[in-house]
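The values are calculated or read from the model by the stated rules, or taken from the named source; none is laboratory data. All figures in this text were calculated on a predicted structure; none of them were measured in a lab. Every residue, glycine among them, receives a Cβ derived from its backbone with ideal geometry; neighbour counts consider all protein chains shown.
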Amino acid sequence: MAQPRIREISARIRPLMPGPVFRLVRSLGAALLTPIAFSLRSGHFRSALANKAVSRSGEPLPWYTYPCIDFLRFRDFSDRTVLELGAGQSTLWWAGRAKSVVAIEGDRGWYESLLRLVPGTVGLYFVPQDDAAICVAEVAKRLAALGEPRFDVVVIDGLWRRELVATAARVVAPDGIVICDNAEGYGFHEAFLDKGFERVDFYGYAPGVILPHCTAIYFRAGAFVFDSRIPITVVATER
């Protein structure tokens, strides 16, 4: 682990220099090394080069903020179902964690690329997204064809985002969550005001992105991801 090694190096060099010099060296080291270590460890550096969200080893990541990714990765989704309104790297990430995923995408090229990558637990569907009303109607038709299931996790990260809030609120399970990426925009705040949901915001950087933004989780009382029995874990490892 990097932290024990840093502490070991610090302990060795501390007796070799006066206190003020050591404190200056430590401060400069923290200022310079922390962003580099974060970028390499999180996969931010590799994501920027690849122009897609990946971990440091190249595995798919959602394009959510890192605080939200870290929160989600310590929850158990192995018996949970996911609906993604807007597919992508996150579809592959959820596929490795959830019981099943339904992903609806509006970009034909990206949809066809994902078709070759998703496993059998993922149902990937295309809907036109040129017009908001048509897009929302086509999403409703697809969900109706699937039997109007309820989903433990609904993600709004593409298509017509504000316009799909009502759909997400309707199909999310009572103890489920709705994840909204780029939640500072798209009118999410206003769209959820009368839906009976609480909200937690996860501010921070996202893979390969230069500016911070917000990924929000909307939920009702009893949402399974906020179970207080889940341990608090801090691990500087792969996401």
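Do we have any residue at all in segment 26-35 that's within 20 Å of residue 204 (Cβ to Cβ), part of a helix (DSSP H, G or I) and modelled with pLDDT of 80 or more? The answer is yes; a qualifying residue exists. Residues considered: 184, 190. Of these, the only one that is among the acidic types (Asp, Glu) and assigned to a loop (DSSP other than H, G, I, E, B) is 184.
Taking the criterion of being surrounded by fewer than 16 Cβ atoms within 10 Å (Cβ to Cβ), in contact (Cβ under 8 Å) with a residue 12 or more places away in the chain and within 12 Å of residue 88 (Cα to Cα), the only residue of segment 111-131 that qualifies is 117. The lone criterion from (1) in contact (Cβ under 8 Å) with a residue 24 or more places away in the chain; (2) loosely packed, with under 13 Cβ neighbours inside 10 Å; (3) not in a loop (DSSP other than H, G, I, E, B) left unmet by residue 136 is number (2). Filtering segment 180-199 to residues that are surrounded by 14 or more Cβ atoms within 10 Å (Cβ to Cβ) and either touching an Asp or Glu at 6+ places or on another chain (Cβ under 7 Å) or touching a residue at least 24 places away in the same chain (Cβ under 8 Å) (or both) leaves 180, 181, 182, 183, 184, 186, 188, 191, 192, 195, 197. What number of residues within segment 53-74 satisfy the criterion of being in contact with a strand residue (DSSP E or B) (Cβ under 7 Å, 6 or more places away or on another chain), among the aliphatic types (A, V, I, L, M) and within 27 Å of residue 229 (Cβ to Cβ)? Qualifying residue count for the region: 1.
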